[in-house]
Amino acid sequence: MTRQTIKNMTSEWRGHPALTRSTLQAAASDSANPEPALKALPELARQLVNADYGAVTVLDSDGRVQHMYYAGMSEDRAAEIGHPPEGTGVLGRLGPADAPLRLDKISRDSRSVGFPPGHPPMDALLGVHVVAAGGLRANVYLANKPGRPEFTHEDEEKVGVLASYVRLALESSSRYRRESALRVAADQALRHLETVIDSAAAGIVIVDVQDKSVVMSNSEVRRLTGHEWAKGQQIHELLGLLYLNNPDGIRTSPRNSTLEAALATGASTRAEELEIRRPDGSSIPVLLRAAPVRASGTDRVTAAVLSILDLSPLREVDRLKREFISMVTHDLRTPVATVKGELAEVISQTDPNSAVMHYLTSMDEDMDHLSELVSNLLDMSRVEFGNGLTDKEECYLADVAGDAAKRARRSRYGAGRQIIVNVPPDLPPVYADVTQLGRVLDNLLNNALKYTDGPVTVSAHHDRESEEVVTEVEDSGDGVPEAFTRDLFDKFFRIKRGTSHGREGVGLGLALCKAVVDAHGGRIGVTNAPPPKRGACFWFSLPLNQP
C-alpha cells in the first residue's frame, strides 16, 4: 500500500469517528461480545469506500454460511433475498484469502450466474475473502448500483486493510463461542454438583482454601449442626460455634478439627466419631471426615470438603440388636444350665463302658459349647452397653494369669497340656474388672490351646515408655495368616483350619477380648513369631491409671 493511500485512509478515518483505528480494533477484539463488531463492519466498510451496499457473510470450515450482516438496504429487502447462495457465482468464489477481487461489471464476468429474486441491482463489486484461526472464514462484499462510479485501486487497498479487522472480529467471535460453551458446561456441572451434594445422605461443606470461606453446603449439614453454613461465611466463625465431644464425652477443640487439618496440610483425614451439641441443646453422634481438593494435574490444594454422617440410625439399630441379643441370651442361660446339670447327673450314673456313654459325652460337649456361646454373647452385650465393667478394682496380672491358667488346665482342651505362666509378681497393679480381665485370658488361652498341640505361655511385663502393662499369650502353632490379622477381632470372624481340636467357635471370643480391652482404655493385637520360630502371640496392654 502506498503512503498516499495510508494518508487518505487516515484522513477518512478522522472524518468518520466510527472509523478510527482504535475504535475499530477495540470493537473487533471485544471477546466479551463480538456480535456488535461483526454487525457494524458492513456499514464501516461501506463508508470507507463510499459504496452503496456492504455485506459480511461468516462461513464455517465447510463453506456454509452461518451469519450474514449487511448495510445499505432495509430489513424487508434483505428478507426478500433470503439465504445467501453458497459456493456459486462470483459471490461464492472470491479467491485466495486477503486477496481483494474488484469487478467493474459483475454481469460481464464469466463466473456470474446472476442474482436471486428480490436482490437489488448491482454493478461494480469489491470483495475479499478472510480466513481466521479456529476454522472460521468470512466474505466481505461491497457493491454499487448501476450508474454509480466503479471502485478504484485505492478502494481495493482499503478493503485489504479492513480484512485484518474482519479477521480479528472472527477470532474474537470464535473465542466467545468457545468461552460461552465452557461457561454453559461449567454452569451445568455446577448445577449437577449442587444437586448431588444436596441429595447426599451426609452433610457436605466445601471450603475455599484461600479465604477459608464456605463455597457450598447442603441442607443435611444445616440440619445436623443447627447452623446455616451460608456461602461466603468464614469457616473459623462456624467452627467457633460448634460444640464437639469425643465419644468419651470430653470436648474437643474445633480448631483442631479434620477440616482445619485438610486445609492446612492438604492431607485426607481419617474418619472421626464425634458428638455435635446443637443450639437447641440436643446432641447427635456423627462421623466426620475431611479431604483436600487439588487443582487439576497439580498438588496445589484449592479447597477442602468436610463430610458429616449422622450415626443416629446406626446407633439405634445397634442398640436394638444388643437389647435383643441380651434378652435372648439371658433367657437361654437358665435352661442351658439346667440341661447341663441334669446331663451331668445322668453321666455320673451311667456305665462308662456302655454304648450310650458316647452319645451322652457328645451331648455334654455340645452343651459346653452352647454355654460358652451364651456367656460370650451376654458378656459382649454387657460390655457394649457399658454396664459390663462395674467392679473395677486394683488387681495384679500375676494373680489373674495364674487363675486363668488353672481354669485352662481343667478345660477339655487344656487337660494334660503344658501351660507356662511367666508373670513377675512385682508388676505394677492395674485398675480393672477382675472377672472380665479373667475372661480375656480365658478366651486367649482357649484359642491358643485349640490351634496348637505344643506348649502355651502366658507372660507379662511393664512397658515404661508407654506406662502400660503388656500381657502376651504365645503358642507354638502355625501362626495367623497376615491377611486375617486385621479382621481377627471382628465379631463372628473365624479362620477355618483342619488342625483345631473339636468344634470350632463362632468368632465371639476374640471380639469379646477386644471389647473388654477397649473398655479399659487398652490395646489388643496379634503378631507372628519371626522364623525359625513358629506360633502366634496374642497381646493386650492396659494403662497404669487410677479411677
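Looking for whichever is under 21 Å from the mean Cα position of the chain (by Cα), outside any loop (DSSP other than H, G, I, E, B) and touching a residue at least 60 places away in the same chain (Cβ under 8 Å) here; the options are 157, 220. Which one fits?
220
If I filter region 236-253 for residues that are without any contact (Cβ under 8 Å) to a residue 60 or more places away in the chain, loosely packed, with under 12 Cβ neighbours inside 10 Å, touching a Pro at 6+ places or on another chain (Cβ under 9 Å) and not in a helix (DSSP H, G or I), do I get at least one hit?
Scanning region 236-253, I find at least one residue that is without any contact (Cβ under 8 Å) to a residue 60 or more places away in the chain, loosely packed, with under 12 Cβ neighbours inside 10 Å, touching a Pro at 6+ places or on another chain (Cβ under 9 Å) and not in a helix (DSSP H, G or I), so the answer is yes.
Output the number of residues of region 324-363 satisfying the condition of being at pLDDT below 85, farther than 28 Å from residue 378 by Cβ and touching a Leu at 6+ places or on another chain (Cβ under 8 Å).
Qualifying residue count, region 324-363: 0.
Find the residue count for region 281-331, including only residues that are of a type outside the set (Lys, Arg) and either assigned to a strand (DSSP E or B) or in contact with a Cys (Cβ under 6 Å, 6 or more places away or on another chain) (or both).
Here the count works out to 20.
Out of region 142-168, which residues are open to solvent by 30 Å² or more (accessible area, probe 1.4 Å) and among the basic types (Lys, Arg)?
145, 148, 167
Okay, residues lined up against (1) β-branched (Val, Ile, Thr); (2) under 30 Å from residue 457 (Cβ atoms):
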{"residue": "325", "(1), (2)": "yes, no"}
{"residue": "332", "(1), (2)": "no, no"}
{"residue": "336", "(1), (2)": "yes, no"}
{"residue": "392", "(1), (2)": "no, yes"}
{"residue": "407", "(1), (2)": "no, yes"}
{"residue": "428", "(1), (2)": "no, yes"}
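Limited to region 186-226, what total is found for residues that are of a type in the set (Gly, Ala, Ser) and surrounded by 15 or more Cβ atoms within 10 Å (Cβ to Cβ)?
Total satisfying the criteria: 6.
What is the residue count in region 345-369 for residues that are among the aliphatic types (A, V, I, L, M) and open to solvent by 50 Å² or more (accessible area, probe 1.4 Å)?
The qualifying residues number 4.
Just to be sure I understand the filter: pairs with C-beta atoms under 8 Å, separated by 6 or more residues or on different chains, first member in region 410-432 and without any contact (Cβ under 8 Å) to a residue 24 or more places away in the chain, second member open to solvent by 90 Å² or more (accessible area, probe 1.4 Å). Which pairs pass?
Pairs found: 415/409.
Quick test for you: out of 439, 412, pick the one residue that is under 23 Å from residue 391 (Cβ atoms) and either open to solvent by 70 Å² or more (accessible area, probe 1.4 Å) or in a helix (DSSP H, G or I) (or both).
439
Considering only region 293-324, state which residues are of a type in the set (Val, Ile, Thr) and open to solvent by less than 50 Å² (accessible area, probe 1.4 Å).
Listed by number, the residues that qualify are 301, 302, 305, 308.
Just to be sure I understand, how many residues within region 446-478 are within 20 Å of residue 427 (Cβ to Cβ), of a type in the set (Gly, Ala, Ser) and surrounded by 15 or more Cβ atoms within 10 Å (Cβ to Cβ)?
Number satisfying all stated conditions: 2.
Among the candidates 392, 340, which residue alone is in contact with a strand residue (DSSP E or B) (Cβ under 6 Å, 6 or more places away or on another chain) and surrounded by 12 or more Cβ atoms within 10 Å (Cβ to Cβ)?
The match here is 392.
Could you check, for region 191-200, whether at least one of its residues is within 23 Å of residue 243 (Cα to Cα) and among the hydrophobic types (A, V, I, L, M, F, W, C)?
There is no residue in region 191-200 that is within 23 Å of residue 243 (Cα to Cα) and among the hydrophobic types (A, V, I, L, M, F, W, C).
The values are calculated or read from the model by the stated rules, or taken from the named source; none is laboratory data. Not measured: the values here are computed from a predicted model. In this analysis, Cβ positions are derived from the backbone assuming ideal geometry, glycine residues included, and neighbour counts consider all displayed protein chains. In case anyone asks, the SASA skips ligands and DNA or RNA and just uses the protein heavy atoms, side chains included. Shrake-Rupley method; radii C 1.70, N 1.55, O 1.52, S 1.80 Å.
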